[in-house]
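Bear in mind that the values in this text are calculations on the coordinates, not laboratory data. What you are looking at is a predicted structure, and each value in this text was computed from that prediction instead of being measured. Cβ coordinates were reconstructed from backbone atoms using ideal geometry, including for glycine residues, and neighbour counts include every protein chain displayed.
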Amino acid sequence: MAVSALHRLAAAAPVPVFVARGAGAGLLGGELAADRRLRLVASPRQATVVLAAGHFGGGLGPALDRVHDQLPHPRALVWWRAAGGPEPGDDRPGALDHPAAVVHGPGGDVAQVLVDTHRRLLAGDQATAPDAGADEPPHPFEGRGDHGQGGEGMMGGVPFGRPMAMTGDDRDGLALGQVSADLGPFLVGLPAATVARVTFQGEVVQALELRPQAVPEAPVLDPVLARFDEARHRPVPVAELERARARHHLRAVAECFRLAGLWALAARAASLARGAGAGVAGVDPAAVAALGRRLRASALLASWSGVGTFPGRSPFTGGANARAAGLAADARRGDPAYRALGFAMVVQHGGDARARLVQRLAEARHALELASRAADVGAVHHPDHPLETPWGPAPDGGSVALEVVAAALAGADWSDALATLCSLDLVPDAAVAPAGAAP
Amino acid sequence: MSPALHADVWAAPLIVGTVLAVGAYLVAVLDAAATRVVAGTGLAPDVLIEPLRRAALLVVQQRVVTERPDAASWALAPAAYAGLAAAGLAVVPWSPSFSVADVDAGIVVWGTVESLAVVAVFLHGWSPNSHQPLMAAYRYVAVGLSCLLVSMFVLIAVALPAESLALNAIVDAQAGLWNVVRHPLGLPLFAVVALGITFWGPMDLADGADLSGGTSAEASGSQRLAWQGARAAMLVSFAALGSAAFLGGWHGPVLPGPVWMAAKTAALLALLVAAGHLVARVRAERFVTWCWTVLLPLAFLDLVVAGLGALP
Amino acid sequence: MLTTLASAAVVTAAAGLAVAAVRLLADRGDPASTWPQRAPFLGGGWSETHAWNQYHPRYYPMTLVFIAFEMEMMFMYPWAVVFVRQGAKALAEMGMFLALLSIGIVYAWREGAFRWQ
């Protein structure tokens with residue numbers, strides 16, 4: 001393929017990357033938004049490279065295949081796997097045979113690999129990846145039916161490969177179209193490795209079911225997850241724990257910004273998250289405070305106030321979600337190392353998406369302040385003291401059954417439902433449950 | 001056909017096309033610059049060539065179709081949207097003696113442009129036969145219709161002192177005092193409805209991130225390039241209309257008229273593009289309610305103020 | 001310059017053709033989309049049915065109020081042109097018209113026409 005001037009120009013463009021997060025990947029990948037050479041995109045139709053971060057066993061493998069096939073040519077896949085974990089072919093029988101770049105461990109230079117892949121694709125040095133699925137319509141339809149299009153009568157059969165949606169009753173007395181679909185797991189706002197089975201009427205969710213797809217005991221790629229797993233079994237410096245916590249909360253805030261269309265602010269939050277993970281120098285809490293000011297100025301809080309409240313008392317018993325509803329529960333209060341640092345709990349009131357967003361940012365800032373104090377003193381967290389992960393107190397996580405969340409979202413707009421799920425930052429139990437360990 | 005008419009038939013599209021092309025490039029540069037500044041990744045000269053690189057990538061990429069799209073409408077939507085932007089720009093005056101289409105009822109042309117723009121955006125979301133674009137299209141129509149109404153009241157208020165619906169006369173009537181000072185509510189309301197109808201920034205309900213890019217979720221390659229270009233063109237046309245109707249058009253000391261028009265258009269563009277990166281997307285239902293219960297009464301107030309001011 | 005509506009029409013057609021030309025030139029040499037590529041994007045998910053359905057737009061009561069206001073706008077176009085000549089009488093007439101329609105908005109608001117859920 002001759003390399004024209006257009007191809008050379010296109011090779012220098014910011015690489016559009018679609019991030020597909022599997023199991024054990026937490027909120028990894030969002031930090032790439034801070035890199036100027038990359039552009040994280042919402043739809044694979046814009047992307048040239050799909051970054052498959054984590055482990056893709058179970059239902060995640062077919063989902064990754066579907067998304068991979070939806071990219072336009074020229075395209076490539078880059079794997080980001082846990083160091084020492086299984087190779088890409090092992091967790092997905094029938095995995096893509098086309099050679100793809102693999103980055104091992106959270107420390108790998110993913111950004112450089114993505115940029116190189118894009119350049120090679122457009123220079124013609126790397127062939128575009130073929131489809132993972134078979135080239136067939138969802139249902140065979142050619143030549144069948146009244147006009148050869150597969151349909152029967154008014155709305156029957158499988159015209160052009162799929163049936164038409166039928167009607168169903170709704171609250172306001174009209175019987176209009178009812179569409180059922182499995183959305184996710186690679187949508188912005190959905191919990192990690194979770195598929196949402198939704199029944200829509202218009203844009204309103206009539207019924208929602210959240211189905212985790214993660215395989216238990218998947219290898220962990222996200223350094224935040226790994227750090228908190230480690231803290232359950234070994235003494236860990238408080239400074240590192242708190243920096244990991246700040247990093248996670250900043251990543252969650254970046255996801256919320258991304259959902260709200262504030263790409264640039266999401267990139268800013270992502271660069272703060274990356275800084276929080278960088279090392280002893282870390283990030284100045286004042287920078288997080290500045291981000292909080294921009295959050296207030298962006299009217300995102302006004303937009304999300306009143307969204308995502310739970311009827312009656314909040315079902316959360318621990319974690320940032322509970323503290324955002326006014327419940328003063330934090331496992332760090334029971335840890336003498338934290339008490340010695342002067343730990344003070346941060347609590348919001350309201351229990352809506354707005355309160356949760358403010359809570360996460362406040363906790364990120366507080367965690368950075370604790371980290372700098374702990375680094376001076378050299379405080380250490382011992383495994384026999386209670387541990388507070390970013391999702392709640394270990395080991396049960398303080399989380400709530402996904403059915404409760406799904407039931408509360410029935411009747412909401414889809415965009416409100418996504419905003420609620422994004423602000424809740426739910427993690428499937430497999431990630432925080434002890435791997436067969438005795439209490 | 002007379003030779004003069006022959007020349008005009010070629011010159012009109014050339015002028016409008018040049019303005020829209022330069023304007024669309026400017027929108028892309030401003031967008032890239034605003035992203036870098038707000039994200040803190042540092043402003044650099046390569047922000048000038050980044051839009052060209054991204055456009056080249058879209059030209060090179062394959063255009064993927066969905067299973068059973070409405071191919072004709074999908075192709076028509078960006079063309080119609082760009083055509084409407086061009087029609088709107090054609091009626092905007094650039095100097096006391098020159099506008100591409102000196103129409104007696106330029107405000108009515110703009111009413112048509114805005115209404116049909118809502119249809120074009122809806123078509124773009126309906127055509128791919130995919131769930132997320134469809135939801136985005138329907139959601140956008142509610143916001144588009146509400147903003148349409150407010151924009152028409154605001155533009156009619158501007159026509160009152162000029163005693164004419166022609167944009168030329170409206171600019172002439174601002175010789176003493178610009179409309180942004182005479183009816184202060186006008187420009188803020190106009191900025192909100194411009195963002196709403198062009199679904200930019202806070203009102204990006206048609207191409208929003210919560211629906212994976214909304215109506216553009218299935219658009220790739222040349223389809224995407226055409227749509228982004230048409231969106232930028234519409235933003236430029238709205239900015240030009242705003243400059244003519246509120247910022248005094250070609251009035252200004254020292255420099256010639258077209259230069260002032262270009263400067264004011266660029267300033268409005270910068271404002272609209274910056275809003276996209278600093279203000280979060282609104283909730284559709286809440287915005288529609290707010291539009292009907294707050295913005296529309298404010299538009300009535302603007303009309304009354306304009307009317308009282310215009311009476312001798 | 002062309003001083004009639006024809007120039008707006010010419011310009012519209014030209015812009016439409018330009019967009020079509022961009023599309024045709026850029027699509028040269030594109031491979032045909034395969035069936036897996038054509039599946040609708042649902043974040044890796046799957047839908048059994050086509051997307052086109054008897055969609056339930058929640059804002060249909062609002063559109064009825066919108067039509068009423070569109071008719072008022074039709075009235076206001078010529079009104080704006082003769083307003084200064086007619087003087088305060090025209091302002092009073094318009095005020096009455098707007099007040100009547102505003103009662104319509106308040107009624108619609110109270111009846112929940114703007115609430116989608």
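A few notes on this one:
- Spatial extent of the protein assembly as shown: Rg and Dmax, with the Cα atoms as the point set, Å: 28.1, 94
- Test item: Cα-centred dipole of the range B:5-310, Lys/Arg +1 and Asp/Glu -1 on Cβ, debye: 540
- Averaged over the residues of A:155-166, the number of partner chain Cβ atoms lying within 10 Å of the residue Cβ comes to 4.
- Descending Cα extents along the principal axes, the range A:375-421, whole Å: 50, 23, 7
- Its relative contact order, with pairs defined as Cα atoms under 8 Å and 6+ residues apart, puts chain C at 35 percent.
- Ranked packing of A:176-185, C:31-40, most packed first, by mean Cβ within 10 Å: A:176-185, C:31-40
- Relative packing of peptides A:293-303, B:128-138, A:316-326 - highest average C-beta neighbours within 10 Å first: B:128-138, A:316-326, A:293-303
- Computed over neighbours whose Cβ is under 14 Å from that of C:ALA39, the net charge equals -4, Lys and Arg +1, Asp and Glu -1.
- The local environment of A:ALA355, defined by Cβ-Cβ distances under 14 Å, has a net charge of +2 under the rule Lys, Arg +1 and Asp, Glu -1.
- Most tightly packed first, judged by the mean number of other beta-carbon atoms within 10 Å of their residues, the peptides B:75-88, A:214-227 read B:75-88, A:214-227.
- Other protein chain Cβ atoms within 10 Å, averaged over every residue that makes up B:147-154: 3
- Taken about its Cα centre, the protein assembly as shown carries a charge dipole of roughly 1740 debye when the Cβ of each Lys and Arg holds +1 and the Cβ of each Asp and Glu holds -1.
- Cβ-based net charge around B:PHE287, under 12 Å, with every Lys or Arg adding one and every Asp or Glu removing one: +2
- Restricting the calculation to Cα atoms, the range B:185-312 yields a radius of gyration followed by a Dmax of 17.0, 57 Å.
- Each of B:PRO202, B:TYR81, B:GLY176 was scored by the projection of its Cα onto the charge dipole of chain B, and the greatest displacement toward the positive side belongs to B:PRO202; charges sit on the C-beta of Lys, Arg, Asp and Glu.
- Residues B:PHE190, B:PHE238 arranged by fewest to most Cβ contacts within 10 Å: B:PHE190, B:PHE238
- In order along the range A:177-186, the phi-based Karplus estimate (6.51 cos²θ - 1.76 cosθ + 1.60, θ = phi - 60°) of 3J(HN,Hα) comes to x, 10, 10, 10, 8, 9, 9, x, x, 9 Hz; Gly and Pro are listed as x.
- Under the span-like rule (Cα at least 27 Å along the axis, Kyte-Doolittle mean at least 0.0), DSSP H helices of chain A: none
- Footprinting exposure proxy ranking of C:MET94, B:MET203, fewest other C-beta atoms within 10 angstrom first, gives C:MET94, B:MET203.
- Of the complete DSSP H runs in chain B, those spanning 24 angstrom or more by Cα along the long axis with a mean Kyte-Doolittle score not below 1.0 are B:3-39, B:71-90, B:106-126, B:131-159, B:257-278.
- D by Stokes-Einstein for the range B:218-291, Kirkwood Rh over Cα pairs, 4 °C, 1.567 mPa s: 89 µm²/s.
- For the range B:5-310, convex hull volume per residue from C-alpha positions, Å³: 136
- Exercise: per-residue mean of other protein chain Cβ atoms within 10 Å, C:71-83: 5
- Note that the range A:44-51 has calculated 3J(HN,Hα) couplings of x, 5, 8, 8, 9, 10, 10, 9 Hz, one per residue in order, obtained from phi through the Karplus relation 6.51 cos²θ - 1.76 cosθ + 1.60 (θ = phi - 60°); glycine and proline are x.
- Helix-only [θ]222 nm of chain B, DSSP H runs n ≥ 4, -39500 (n - 2.57) each, per residue, nearest 500: -22500 deg cm²/dmol
- Volume of the Cα convex hull of the range C:42-117, divided per residue and given in Å³: 145
- Volume of the Cα convex hull of chain A, divided per residue and given in Å³: 163
- Residues whose amide H lies under 5 Å from that of A:VAL215, counting only those 5 or more places away or on a different chain, are A:GLY57; hydrogens are built 1.01 Å from N in the peptide plane.
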